[in-house]
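Below is one structure; the comments refer to it alone.
The values are calculated or read from the model by the stated rules, or taken from the named source; none is laboratory data. Only a predicted model underlies this, so the values are computations on that prediction, with no experimental measurement involved. Note that each Cβ is placed from the backbone with ideal geometry, even for glycine, and that neighbours are counted across all protein chains shown.
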Amino acid sequence: MLTSNSVLNENLREQLILLPEYFQGHLLLTLSALIVGIAISVPLGIWASQSPRVKQPLLTTVSIIQTFPSLAILALVVALLGGRIGFLPAFIALTLYSMLPIVRNTVAGLESVSASVIEAAKGIGMSPKQILSKIRLPLAMPIIIAGIRTATVWTVGLATLSTLVGASSFGNYIFTGIQTRNLVAVTVGSLASAALAVALDSMIGATQWLIEQRTEGVVSAKLKRTRIAVGSAIVLVFAIVGYGLIPQPKADFVIAGKPFTEQYIVAGLIAGE
């Protein structure tokens, strides 16, 4: 006869078996959206800080995007793609959601640079491009990175909703667990998502610290250990993402069901045969 502890342990073991697949999907989706979001948002923020005509319409647009409920923007993207589901609509929605803190912090950071510093740079003959690249951006970088860290945490959390449009993530744990009243699955998914958000945020923070120490010319044993740890973590993350990009053989058939408890159970039974 199975005890409650043995049932719990078996349930936990079943959930942990699925962890690598869901982790890979969640990480790939999050990093892809963040990288593209940064690549779009930082140049837009720089442009807005230099052009008053662009600044207000741009900030208004990204703010309006942020006011859309996350589920609504996912549904809107799916509709605009003609009903297509999977990675692409989730990626587009997360990229749009990541833009607001990065654009705003880029504008705020560049505008926070003292006018006297800029005048001094002009006085020694620096061109506008040199002032931007050598003065304004380095001084604004802590504020820009703060926006990137905020966007990272938001994106990791919102990526759980990508399950609703057919993209694999930790949301698979959460939504399946809610439908089947499996609190172990919900707990594993929630803790895994939170741990990923903390890990990525810490990695960005550690990278920023390393850059600041290098700029100041500081050399210490702690700096070397941190550099090795951060470098190893970055290599591991991109190795996992790279593995996820390798084309996988297509399944002969896909088992699907409607989103209610009996359908989850029946689909799970069929998949297990």
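Numerical summary
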{"item": "Only one of L34, L74 that is modelled with pLDDT of 90 or more and in a helix (DSSP H, G or I)", "result": "L34"}
{"item": "Only one of T155, T106 that is of a type in the set (S, T, Y), farther than 18 Å from G25 by Cα and out of contact with any strand residue (DSSP E or B) (no Cβ under 7 Å at 6 or more places or on another chain)", "result": "T106"}
{"item": "Those residues of the range 78-90 which are within 18 Å of the chain's Cα centre (by Cα) and surrounded by fewer than 20 Cβ atoms within 10 Å (Cβ to Cβ), in sequence order", "result": "G86, F87, L88"}
{"item": "Residue match in the range 42-50 (condition: under 15 Å from A93 (Cα atoms), in contact (Cβ under 8 Å) with a residue 40 or more places away in the chain and not aliphatic (A, V, I, L, M))", "result": "no"}
{"item": "Candidates V186, V165, filtered to the one that is touching a Pro at 6+ places or on another chain (Cβ under 7 Å), β-branched (V, I, T), in contact (Cβ under 8 Å) with a residue 12 or more places away in the chain and buried (at least 18 other Cβ atoms within 10 Å of the Cβ)", "result": "V165"}
{"item": "Check on A256, at pLDDT 90 or above and either under 22 Å from the mean Cα position of the chain (by Cα) or under 29 Å from F68 (Cβ atoms) (or both)", "result": "no"}
{"item": "Where P101 falls short, out of the listed (1) surrounded by 16 or more Cβ atoms within 10 Å (Cβ to Cβ); (2) closer than 24 Å to S168 by Cα; (3) not basic (K, R)", "result": "(2)"}
{"item": "In the range 163-184, the residues that are assigned to a helix (DSSP H, G or I) and either at pLDDT 90 or above or within 30 Å of L81 (Cα to Cα) (or both)", "result": "T163, L164, V165, G171, N172, Y173, I174, F175, T176, G177, I178, Q179"}
{"item": "Residue among T95, T60, T67 that is touching a residue at least 24 places away in the same chain (Cβ under 8 Å) and of a type in the set (S, T, N, Q)", "result": "T95"}
{"item": "Residue that is surrounded by the most Cβ atoms within 10 Å (Cβ to Cβ) [pool: residues in the range 106-159 that are aliphatic (A, V, I, L, M) and not in a helix (DSSP H, G or I)]", "result": "V113"}
{"item": "Test: V42 is crowded, with 17+ Cβ neighbours inside 10 Å and either over 20 Å from I144 (Cα atoms) or modelled with pLDDT of 90 or more (or both)", "result": "yes"}
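Quick grid of which residues meet (1) touching a Phe, Trp or Tyr at 6+ places or on another chain (Cβ under 8 Å); (2) farther than 19 Å from L34 by Cβ:
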position	(1), (2)
Q56	no, yes
L59	no, yes
V62	no, no
S70	yes, no
A75	no, yes
V78	no, yes
F87	no, no
A90	no, no
T95	no, no
